[in-house]
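Enquirer: This is the structure I want to talk about, given as structure tokens.
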Amino acid sequence: MNKVYSHKDVEERIYQEWEEKGYFAPEVNPKGKPYSIILPPPNANAPLHFGHAMYVIEDILVRFNRMMGKSVLWLPGADHAGFETQFVFEKKLQAQGKSRFDYDREELYRMIWDFVQGNRPVMENQLKRLGFSLDWNRKKFTLDKDIIKIVHQTFKNLYDDGLVYRAKRLVNYCTHDGTSFSDLEVIYEERKNPLYYIKYGPLVLATTRPETKFGDTAVAVHPDDKRYKEYIGKELDIETVLGKAKIKVVADEMVDPQFGTGVVKITPAHDFNDFEVAQRHNLPMVQVIGFDGKMNEKAGKFEGLFAKQARKIIVGEMEKKGLIEKIDENYIHRIGLCYKCKNPIEPLPLEQWFIKMEPLAKPAIEAVRSGKIKIYPKNMDKLYFQFLENIKDWNISRQIVWGIRIPAWQCVRCAQNQKYNNSTIQQSNNDGWIVTSGEIPEKCSTCDSTDLIQDNDAFDTWFSSGQWPFATLKTSKPGDFEKFYPTTVLETGYDILRFWVARMVMLGEYEARQVPFENIVLHGLVNDPLGKKMSKSKGNAVNPIELVDEYGADAVRFALVYGTALGNDQSLSYPKLEAMRKFTNKLWNMARFIDMNRTQNSKVKTQNNLTIEQLSNLAINESDKAMIEKTAKLTKGITTLLEKHDFNHAAQGLYDFIWHEFADIYIENVKNRIDENSFLILNSLFLILLKLLHPFMPFVTEEIYKRLWSKKDHLIISKWPSFAKASEG
RNA sequence: GGGCAUUUAGCUCAGUGGUAGAGCGCUUCGUUUACAUCGAAGAUGUCGGGGGUUCAAGUCCCUCAAUGCCCACCA
């Protein structure tokens, strides 16, 4: 054995051996108790980012349980990541001077498909470099035909159960990216924008968006506001930049008398609050901004201007006409932005598919409250409840081509008969829509017309990934769903608890009739060495594979779980990576020491692995006896910690014991008195430690096993050490 | 406006009511054969501030402060 451990000569070779032997498949332990984890499918649009390296937690669990003799399935996959992938692809197009408008739907879809297929092997290879023992024969993609079929069916079932409806509502719309979003995808930032005080006849009101005034269908005051009591219910004659107009005054609790002048303009088509006020007071809705972000014909001479440009010009004209009382230039408020392109979200009225969430959220809340699903770390359940207890209906329509197209067709004839009046707010299912589980309907079920048009929209990606646990298991190998559902653990970053985890619980309970997993394990985020969030655009993102190259996968894996409490964020630490690399080298040299002390006689005996019990009977020397006892205790401790998902303490316990107990004290002690008997003990104890460490550092432990014990067998499928003789406490 | 997390050695962070811990860094010493990617010894802490409970508090309770994150319709 070489004096220095070189991970580069070991890792890829070992991984290949494992994979070729089929060790990653549950069939390795066919009779074992099922244990399953579905890998959170990484986005297929880019190489792995550092967060993906945290999936090491799953590999630790998977390897531990495999050694415990369970039938372990860890199923890999990739997410088409609808809008995000289309966004990334559009940037590529942009770099070539092209845009999505240069291609038709099919062409664009095919181009993105090819792009994604090119990325997938890169991503998969990176997961392998980290040593993840995923069953690659079962890998799934969210756009596999059989997965799409399941997603369609779920949608159809929800529709038939009245849990999906189509409605024209205000949605979060990004006029830059040309699609709507769910509430979760809007981020909020503080911005300084002028607050304009505008004269509306006898009243003055404050607004940040004067350009939407052509869509005003009322002004509102608080019902108890004495200042304005006389105006309530009356119509005001007002002067505007487009001439004279009339506007109604309504009273609504939503108005805060303390803010501005206590008068609010009501623009139902462009503000979420106003939309609700309009519903309460039966006010008409007038859309003045189009989906291209430009003012429409309702804005008269301002038509064609982008809303932001129009604002300046309109304010200018208002000032000339004396309609502006004052402008507060230092007004700070929070505005909604597109989480991807950071342009302001424009609330716009649009017909979309919505899922009624409350009936789905209730059982999901109950599943965690009752303990059917356990969350680690425990305090994260607050995030979960907070989301589900205040849940709103989910807009699942996206105006994108990259994704699963919604299996809904509209009958042209029926639609014309019940055409939406732009000035009313409607919610209806009876407007000529036909929802199927994927197949193209032959004719309209109401009027028999064959003039049907499919909805252009695709599902929100999270709608399909929300079905991932049952969709994958129902389509991987026959019997997988029956054997592995519900899965044992869902492990992911806490940042997608609401986006993904909560939705999986809801959709899993709905469609698969059972919770999708028994345990939720949440890890924290990995920040850069200065504690700042890693991001590509900021340029501080670290490629995990570069670190694997430099320090070895074992060191990277160990550094990520050592010294960080589960669920806490951590900053990438190069000294820690270096320390863990040294630990792999230390192990290597412990192995060298043992290897060098092997005599001809012991070569035969150490073929058989001795259990703690056998070792206890063998031990004569007092410090041997003590070490056997300590190792048994450690085994028990590590086992318990892993069962409790306490990876940090398991890692620390192993590190401290192996280095500072076993190497610094025990090996130093044995060194001077080594004989046949003590060698057998030393050798066997070391193997126990290698096994305990294997889930954390699979490569170096496997390589040592190969050198010292067996060229044929592998540690990965060896039996977890027993600790029957460990004393209590 | 709510909620959550964090605050422990110079730095990065563990800490499960019972004599303050690790890694890196620092000081001194040590290389004839497991490892200098090492070993031995050592220095460094009013555990954010202030109250309280307890025989005993870094740990439990209250309060204040700083930092970070999440949620919320203030036009």
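Enquirer: Taking the options A:58, A:27, name whichever one is acidic (Asp, Glu) and open to solvent by less than 10 Å² (accessible area, probe 1.4 Å).
Expert: Exactly one residue qualifies, and that residue is A:58.
Enquirer: Would you mind finding the one in A:546, A:613, A:629, A:622 that is surrounded by 15 or more Cβ atoms within 10 Å (Cβ to Cβ), more than 13 Å from RNA strand B (Cβ to nearest atom) and not basic (Lys, Arg)?
Expert: A:629
Enquirer: Further question on the same structure: Condition (residue is among the aromatic types (Phe, Trp, Tyr), within 30 Å of residue A:41 (Cβ to Cβ) and either at pLDDT below 95 or assigned to a loop (DSSP other than H, G, I, E, B) (or both)) applied to region A:165-186: is it met by at least one residue?
Expert: Yes; the residues of region A:165-186 include at least one that is among the aromatic types (Phe, Trp, Tyr), within 30 Å of residue A:41 (Cβ to Cβ) and either at pLDDT below 95 or assigned to a loop (DSSP other than H, G, I, E, B) (or both).
Enquirer: Scan region A:533-559 residue by residue and report those that are of a type in the set (D, E, K, R) and either part of a loop (DSSP other than H, G, I, E, B) or farther than 27 Å from residue A:498 by Cα (or both).
Expert: A:536, A:538, A:546, A:549, A:550, A:554
Enquirer: While we're looking at this one, here's another question. What pairs come out if I take residues in region A:561-580 that are under 23 Å from residue A:491 (Cα atoms) and in contact (Cβ under 8 Å) with a residue 24 or more places away in the chain and pair them with residues that are within 6 Å of RNA strand B (Cβ to nearest atom) and β-branched (Val, Ile, Thr) whose C-beta lies under 9 Å away, six or more apart or interchain?
Expert: Filtered contacts from region A:561-580: A:570/A:564.
Enquirer: In region A:575-587, is there at least one residue being closer than 26 Å to residue A:57 by Cα, aliphatic (A, V, I, L, M), touching a Gly at 6+ places or on another chain (Cβ under 8 Å) and modelled with pLDDT of 95 or more?
Expert: no
Enquirer: Same structure again: Could you please let me know if residue A:168 is buried (at least 17 other Cβ atoms within 10 Å of the Cβ), touching a Ser or Thr at 6+ places or on another chain (Cβ under 8 Å) and in contact (Cβ under 8 Å) with a residue 60 or more places away in the chain?
Expert: No: the conditions fail for residue A:168.
Enquirer: Still on this structure, I have one more. Examine region A:596-610 for a residue that is more than 7 Å from RNA strand B (Cβ to nearest atom), within 21 Å of residue A:68 (Cα to Cα) and in contact with a Ser or Thr (Cβ under 7 Å, 6 or more places away or on another chain), and state whether such a residue exists.
Expert: Among the residues of region A:596-610, at least one is more than 7 Å from RNA strand B (Cβ to nearest atom), within 21 Å of residue A:68 (Cα to Cα) and in contact with a Ser or Thr (Cβ under 7 Å, 6 or more places away or on another chain), which makes the answer yes.
Enquirer: For the condition surrounded by 19 or more Cβ atoms within 10 Å (Cβ to Cβ), at pLDDT below 95 and either within 35 Å of the chain's Cα centre (by Cα) or at positive phi (or both), what is the one hit in A:336, A:322?
Expert: None of the other options fit; the residue is A:336.
Enquirer: Test of understanding: among A:201, A:178, which residue is surrounded by fewer than 22 Cβ atoms within 10 Å (Cβ to Cβ) and free of Cβ contacts under 8 Å to residues at least 60 places away in the same chain?
Expert: A:201
Enquirer: Please specify each residue of region A:512-532 satisfying the condition of being of a type outside the set (Lys, Arg), surrounded by fewer than 18 Cβ atoms within 10 Å (Cβ to Cβ) and either assigned to a loop (DSSP other than H, G, I, E, B) or free of Cβ contacts under 8 Å to residues at least 60 places away in the same chain (or both).
Expert: Residues satisfying the conditions are A:514, A:525, A:527, A:528, A:529, A:530, A:531.
Enquirer: Which count do you get for residues in region A:1-24 that are more than 15 Å from RNA strand B (Cβ to nearest atom), buried (at least 20 other Cβ atoms within 10 Å of the Cβ) and part of a loop (DSSP other than H, G, I, E, B)?
Expert: 1
Enquirer: How do the strands (runs of 3 or more DSSP E) wholly within region A:189-240 filter down when requiring 3 or more residues that are of a type in the set (Phe, Trp, Tyr): which remain?
Expert: A:195-200
Enquirer: Condition (residue is closer than 30 Å to residue A:204 by Cβ and part of a strand (DSSP E or B)) applied to region A:354-361: is it met by at least one residue?
Expert: There is no residue in region A:354-361 that is closer than 30 Å to residue A:204 by Cβ and part of a strand (DSSP E or B).
Enquirer: Looking at region A:634-674 only, could you name the residues that are within 9 Å of RNA strand B (Cβ to nearest atom), open to solvent by 30 Å² or more (accessible area, probe 1.4 Å) and polar (S, T, N, Q)?
Expert: Result: A:652, single match.
The values are calculated or read from the model by the stated rules, or taken from the named source; none is laboratory data. As the structure is a computational prediction, the values presented were derived from the model and not from experiment. Reconstructed Cβ throughout: ideal geometry from the backbone, glycine too, with neighbour counts over all protein chains shown. Surface areas here come from the heavy atoms of the whole protein model, side chains and all, with no ligands, DNA or RNA. Shrake-Rupley method; radii C 1.70, N 1.55, O 1.52, S 1.80 Å.
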